[in-house]
1. Answer with yes or no whether ILE263 is touching a strand residue (DSSP E or B) at 6+ places or on another chain (Cβ under 8 Å), touching a residue at least 40 places away in the same chain (Cβ under 8 Å) and within 29 Å of SER92 (Cα to Cα).
2. Taking the stretch 191-244 on its own, how many of its residues are hydroxyl-bearing (Ser, Thr, Tyr), buried (at least 20 other Cβ atoms within 10 Å of the Cβ) and either out of contact with any His (no Cβ under 8 Å at 6 or more places or on another chain) or in a loop (DSSP other than H, G, I, E, B) (or both)?
3. Given the criteria surrounded by fewer than 17 Cβ atoms within 10 Å (Cβ to Cβ), modelled with pLDDT of 95 or more and not charged (D, E, K, R), does SER109 qualify?
4. Using beta carbons and a limit of 8 Å, which pairs, at least six apart or on different chains, have the first residue in the stretch 272-301 and assigned to a loop (DSSP other than H, G, I, E, B) and the second one basic (Lys, Arg) and surrounded by 13 or more Cβ atoms within 10 Å (Cβ to Cβ)?
5. Kindly indicate the residue of the stretch 7-31 that is buried (at least 24 other Cβ atoms within 10 Å of the Cβ), aliphatic (A, V, I, L, M) and closer than 26 Å to GLN126 by Cα and also farthest from the chain's Cα centre (by Cα) among those meeting that condition.
6. Could you tell me which of the residues VAL89, VAL32, VAL81, VAL71 is more than 22 Å from TRP334 (Cβ to Cβ), touching a helix residue (DSSP H, G or I) at 6+ places or on another chain (Cβ under 6 Å), aliphatic (A, V, I, L, M) and modelled with pLDDT of 95 or more?
7. Would you mind telling me which numbered condition in (1) over 25 Å from SER5 (Cα atoms); (2) crowded, with 16+ Cβ neighbours inside 10 Å VAL154 fails?
8. In the stretch 323-341, what residues are surrounded by 18 or more Cβ atoms within 10 Å (Cβ to Cβ) and either among the acidic types (Asp, Glu) or modelled with pLDDT of 95 or more (or both)?
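The values are calculated or read from the model by the stated rules, or taken from the named source; none is laboratory data. Because the structure is predicted, anything quoted here is derived from the model rather than measured. For neighbour counting, all protein chains shown are included, and Cβ atoms are generated from backbone atoms with ideal geometry for every residue, glycine included.
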Amino acid sequence: MPPQSILVTGGAGFIGGHFLRMTLAEDSLEVVNLDKLTYAGHQATIEDCLQHPRHKFVQGDVCDGSLLAEVFQKFNPVAIVHFAAESHVDRSIDGPAAFVQTNVVGTLSLLEAARMHWSGLNTSEQKVFRFLHVSTDEVYGSAEKGQAFQEGDVYCPTSPYAASKASADHLVSAFGKTYGLPVLTTHCTNNYGPYQFPEKLIPLMIHNAVVGQPLPVYGNGQQVRDWLYVEDHCRALQTVLQSGEPGSTYHIAGDSLRTNLEIVEMICDIVDELVPSGSPRRSLIQFVEDRPAHDNRYALDASKLQGELNWYPEISVEQGLLKTVQWYLENRTWAATVTDGRYGFERLGLAGQTVEAYE
């Protein structure tokens with residue numbers, strides 16, 4: 001029997017890379033990192049982990065059933081943490097098929113491989129095995145003012161990305177109920193922090209503010225998001241993996257509701273302080289055409305996770321943004337490496353229009 005391990009899919013991506021790094025630092029198990037290395041997954045993101053003796057990197061696709069069978073047989077995982085996904089809403093508007101393939105078909109392939117592996121374990125091994133599926137608040141659609149979605153609320157996805165994640169959520173739940181696979185699902189709010197691919201709102205605004213380019217904001221910028229620092233998210237995932245009740249869903253929130261415009265203005269002020277220029281960066285803000293079917297507000301109620309498993313966010317949005325801006329200023333070569341030839345800071349999601357803006 002090979003040594004036990006944790007299988008992390010998408011471990012060369014933004015959140016997966018942070019979880020990988022944290023797990024290698026705090027756990028004693030081998031961590032198997034399965035990543036296809038698409039545009040948003042890059043070994044530069046996990047360069048400090050590549051030579052770690054307990055990190056085993058496998059380049060491959062979660063849709064590849066034969067590869068998954070080999071990985072399970074070789075590494076004998078006691079847990080799976082499933083990050084691998086196409087995750088950018090704007091890209092899903094331009095090309096929804098890739099989101100269905102990775103997020104739905106890929107999740108199904110991984111569930112099938114996990115079920116076959118789990119069914120071959122002895123009773124004691126089956127009891128400790130876990131399949132943790134990492135999902136998003138976007139499956140619920142837009143929250144009305146004052147509302148925070150709770151576990152079990154009705155899904156109402158509005159983008160192809162959100163619909164693909166909702167489909168994956170239902171597959172995970174079905175495998176738990178139909179086959180008894182010990183599954184866990186988490187929904188998180190908007191993550192941010194170091195190593196986030198520069199197409200997303202915060203890293204894009206940091207980049208443009210530093211180089212003096214326009215800061216395009218969708219619509220009127222009043223869309224509300226709850227901002228969760230990525231390391232807080234990964235601590236929550238570890239907590240759920242270790243102590244969550246199989247078959248359960250947990251919400252992970254940052255308790256930091258801000259409008260997109262507020263976030264951009266905060267970034268401007270931080271960059272002004274750290275990299276002074278002749279005029280305030282807020283003067284670079286430009287309001288541009290909104291994204292199709294843009295949800296106005298996301299909010300999750302994380303009281304279940306807080307009450308049952310005693311997890312709370314530790315990093316405020318003010319602290320997190322400062323840490324994030326400082327990291328991007330100190331690691332400009334990373335951004336250049338991961339975007340080289342794969343992303344040119346162009347606008348996606350408007351059927352060929354070229355206005356530069358992202359969320």
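1. Working: touching a strand residue (DSSP E or B) at 6+ places or on another chain (Cβ under 8 Å): yes; touching a residue at least 40 places away in the same chain (Cβ under 8 Å): yes; within 29 Å of SER92 (Cα to Cα): yes.
Criteria met by ILE263.
2. Qualifying residue count for the region: 3.
3. Criteria not met by SER109.
4. Once the first residue is assigned to a loop (DSSP other than H, G, I, E, B) and sits in the stretch 272-301, its partners that are basic (Lys, Arg) and surrounded by 13 or more Cβ atoms within 10 Å (Cβ to Cβ) give TYR298/ARG225.
5. VAL31
6. Testing whether each residue is more than 22 Å from TRP334 (Cβ to Cβ), touching a helix residue (DSSP H, G or I) at 6+ places or on another chain (Cβ under 6 Å), aliphatic (A, V, I, L, M) and modelled with pLDDT of 95 or more leaves just VAL32.
7. Evaluating VAL154 over (1) over 25 Å from SER5 (Cα atoms); (2) crowded, with 16+ Cβ neighbours inside 10 Å leaves (2) as the failure.
8. Result: THR324, VAL325, TYR328.
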